[in-house]
Every structure is written in C-alpha cells, then in structure tokens.
1. Being farther than 30 Å from B:Gly118 by Cα and open to solvent by 50 Å² or more (accessible area, probe 1.4 Å) is true for just one of B:Leu3, B:Leu62, B:Leu51, B:Leu9. Which residue is that?
2. Return the residue satisfying two criteria in turn: it lies in segment A:191-221 and is over 20 Å from B:Asn106 (Cβ atoms) and among the hydroxyl-bearing types (Ser, Thr, Tyr), and of such residues it is least open to solvent (accessible area, probe 1.4 Å).
3. Quick check on segment B:82-90. Is at least one of its residues surrounded by 14 or more Cβ atoms within 10 Å (Cβ to Cβ) and more than 12 Å from chain A (Cβ to nearest Cβ)?
4. Looking only at helices (runs of 4 or more DSSP H) that fall completely inside segment B:11-93, which ones have 2 or more residues that are closer than 30 Å to B:Leu196 by Cβ and in contact with a Ser or Thr (Cβ under 9 Å, 6 or more places away or on another chain)?
5. What about B:Ile38, is it modelled with pLDDT under 95 and either buried (at least 20 other Cβ atoms within 10 Å of the Cβ) or not hydroxyl-bearing (Ser, Thr, Tyr) (or both)?
6. Taking the conditions exactly as written (touching a residue at least 40 places away in the same chain (Cβ under 8 Å), open to solvent by 30 Å² or more (accessible area, probe 1.4 Å), more than 10 Å from chain B (Cβ to nearest Cβ) and in a helix (DSSP H, G or I)), does A:Arg160 satisfy them or not?
7. Being within 10 Å of chain A (Cβ to nearest Cβ), closer than 18 Å to B:Asn160 by Cβ, open to solvent by less than 70 Å² (accessible area, probe 1.4 Å) and of a type in the set (A, V, I, L, M) is the requirement here; does B:Leu33 meet it?
8. For B:Gln187, indicate whether it is at negative phi and touching a Pro at 6+ places or on another chain (Cβ under 6 Å).
Amino acid sequence: MDRFLFTFFNAEVMAEYLPNILSGMWVTTYLAAFVIVTGLSLGLVLAVLRSALSQKMPAPLSWLTGALRLSLIFYVDLMRSVPPLVLIVLFYYGLPALGLDIAGLGATWLALSLVLSAFAEEIYWAGLISVARGQWEAARSTGLSFLQTLIYVILPQAVRLAIPPLTNRTIAITKGTALGQVVAVQEILYQAYSGLSFSYNPSPLTLGALAYLALFLPIVIVGRWIETRFAWRR
Amino acid sequence: MTLSDILALFFNPEIAAKTSGFLVDGLWMTLLLCLVVIPVGALGGLAVAVLAALNRRWLNVLLVIYVDVFRALPPLVLLVFVYNVPPFAGYRISEFEAVVIAFLLNTSSYYGEIFRAGIESIGRGQWEAARSTGLGWWQTMGWVVLPQAVRNVLPDLVSNTLEVAKLTSIASVIALHELMFAARSAQQLTFNYTPLMLATLIYFVLLWPVVHLLSRLEHRRIAAG
C-alpha cells in the first residue's frame, strides 16, 4: 500500500508539478472557451445560410444557390467524418508550409472549431426543419421578412430543441483539447506527460487526470441536468 | 510559393504511390481496432444500462459515478494513463491492450447512457404486460424492452459508433501502427504532406457513408415528431 501511494500519489512529486498542471488547466480552459464560441457561432451561421440557400429561387439563381448548398453539405460531412486529431496534425504541419504560421494552439483551436461548427450546423439545422412549415407560412403572411421570421419565430424554437444534443456534442469536442498535447500545446495532458518523463513517477499523470475531472465532471453533471430539463419532445 | 510547389507538397503522386502500401497496412490495423473496440464498448455499455435498470440504489450510484467519471476524462488522457501506468506496477502492457482497455472504459460509458435512454423510453405498460404473461424480468428485458429500446435510440448508437471509429486515430499517440500513425511516420520520412492528405481522404471515404446514413436517420426521427 505504501508503495502504491508512493508510486501514484507521491506528495513530493505532486507538489513539484502542481504549478505546471495548474497552468495547463488555464490553457485548457481558455482554449476550450475559444473553441466553444467560434464553433457554435460558425455552426449557427452555417445553419442559417443553409436555410436561406434552401429557399425557392428563379432558375439561373437557383443553380448558384444549389451549388453553394451542396458545398456547404460537403464541408459539414467532411468535418464530421475526419478524426479531429488528423485535422490538428494536418493544420499544424500543413498551414505553415502555405505561409500561414499557426502554432500548435492555433491549429488545435482551428481544427476543433471547424469540427464543432459542422456538428452544430447539423443540430441547428435539424432543429430548424423540425419547426413546422406552417410556422413559416403564418409568420411570412403577417408581413415579416425571411430574416425576421427566422430570428423572431423559427430560431427561438429551433435553438431550444437543439440545446440537449448540442450540450453533449460540445462537451465531447471540448475534451478534444487534450489532443493538443500531440502538437505541443501546453495544456493539462502535455504538462502531466512531461512531468511523468522528468520525474519517472506517474503521480503527475494522476494529478492531470484529477485536473480534468475537476474541470469536466461539473460540466458533465450539468449536461445531464440540461438533458432532462430540455428533453426532446417525442 | 507557386501552385506547383503546393501541389508537390500536398498532392504528390510519386510520394502517394511510394507510401500507399504503408498506409494500407495502417488501415488494416484501424479496421481491426474498430472490429474489436466497437463490440466490446457496446456490450460494456449494454451491461451498464441493464444493471442500471435493475434499480438497486447503491448499484445505481456506482454506475452513475462510473459513467460520469469516464465521460469527463478525455479519451486521450485515459489512453496515456492506461498505457503508462501499469509498467510502474510491474506489468508491461502492449499498445493494443492499452487501447482496448481505455476504449472500453470510455465508450462503455457513452453507449451505456444511450442504452439507458432507450430503456427508459419504453413505457411501464410494456413491462407490466410482458410480466403478466409470465415472462421473468430478464426475459422481459431481452425479448420485449431491449428490441424496442435499441430501435428508439438507433441514430444515437450509429452516431456514437462513428465517433469511436474516428477516435481510434488517437492510438497513434502511443505508437500503435494504425492509419494515423502510418500517415505521420510517412510524413516525417518524406518531408511531404501527401500521406496526411491521403489519410484524410481514406477516413473520409470510409466514414462518409456512415455520416450520410446518420443524417438520414436523424432527419427521419425529426420528421416522425
């Protein structure tokens, strides 16, 4: 038992690496916050755009909107089918070769934001099309424009429907910040891993796992609550 | 940088031809991983959900803790932990074993939550009717409740399976020779990004049909109200 404690909960090693883990927690937090803000807002913009592109148009214009709509769907499907780690590594090495110098932090942020935007677009879109056709027609017939209908009538209902699946997906993708370790982002896992290599003791890894639990366990529990609170009507 | 430079760096047919055999080896390992990890995780999740349905209070507390803890830990953290810690206890764990164990812990939590939602979506009347015909608890669960539950949460099951398949790419971090690892090694050997583009293409071609199926399932569920 003493050996177990010495190996996994070595107070001396833990005290030594605690400051690193704490700074890692800060990096994880702001990286996650940036990913959530950009991912969710880009997803909403894309869903609204897809809704606008799906409106009936006269012939020559409809070819253009049709092509745009298909490329939007292609983007969403691409981002949903390629692993985030592949995108992070591709951006980290590939973008500097194109003259866009992006650090590990930027590559992780960009990749996770794009992936989240694709998933969010699908969820918002599912919410948008689930609001009955009659709502559109009724709102438009009262004289509201397309944009007014969308903002005042459709989106409030769609977003409410989207909240539970969106919460779960956002939590899952936010945990992907740990993938930044691969491209040297100094978040929790990176700090814990280097602590392990320097001290040759797994206590920093234990500490890192506890740090993740401290950050994400409350979010998972809130997510559980949101899921029952805003449950999908069936 | 001219267009031909970019093409030579990212879409180089020569490099693609040279490294494709290596990538295909990695692809087989990725497929093998999926074949092992998905059924193991799904069965683990099924066990979690069925045990939760037994409604034993202390057991449910334990299950909720299990599910929430392993949903809160990023899978990569779990994998790094499972791979690096056993040697300190005197046990050398292989990369494959580490991936299977880490994925079991992570994916069984997610599958468990999905199956639980499915089981809860089945009304009391189904239970009472089945029990009153003389079926036992386990028979009711197996023959009456689960088939309907699985149908109700099919889109979520497919969606989670897609995530698990994509997640196998993190095995590259502990140097298991799967597709992502092959692509990164090839990239480092050739100083060229074509292998990474190729891996992206392979993942897309492999998983796009699942994404497409998923969109259809989700839209159908919404249309059903």
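The values are calculated or read from the model by the stated rules, or taken from the named source; none is laboratory data. Please read these numbers as outputs of a predicted model, since none were measured by experiment. Virtual Cβ from ideal backbone geometry, glycine too; neighbours counted across all protein chains shown. To get the accessible areas, we keep the full protein, side chains included, count just its heavy atoms, and leave off ligands, DNA and RNA. Shrake-Rupley method; radii C 1.70, N 1.55, O 1.52, S 1.80 Å.
1. Going through B:Leu3, B:Leu62, B:Leu51, B:Leu9 in turn, just one is farther than 30 Å from B:Gly118 by Cα and open to solvent by 50 Å² or more (accessible area, probe 1.4 Å): B:Leu3.
2. Checking each candidate, the answer is A:Ser203.
3. Looking for residues that are surrounded by 14 or more Cβ atoms within 10 Å (Cβ to Cβ) and more than 12 Å from chain A (Cβ to nearest Cβ), one finds none in segment B:82-90, hence no.
4. In segment B:11-93, B:13-53, B:75-84 are the helices (runs of 4 or more DSSP H) which contain 2 or more residues that are closer than 30 Å to B:Leu196 by Cβ and in contact with a Ser or Thr (Cβ under 9 Å, 6 or more places away or on another chain).
5. no
6. Answer is yes for this residue.
7. no
8. Judged against the criteria, B:Gln187 is a match.
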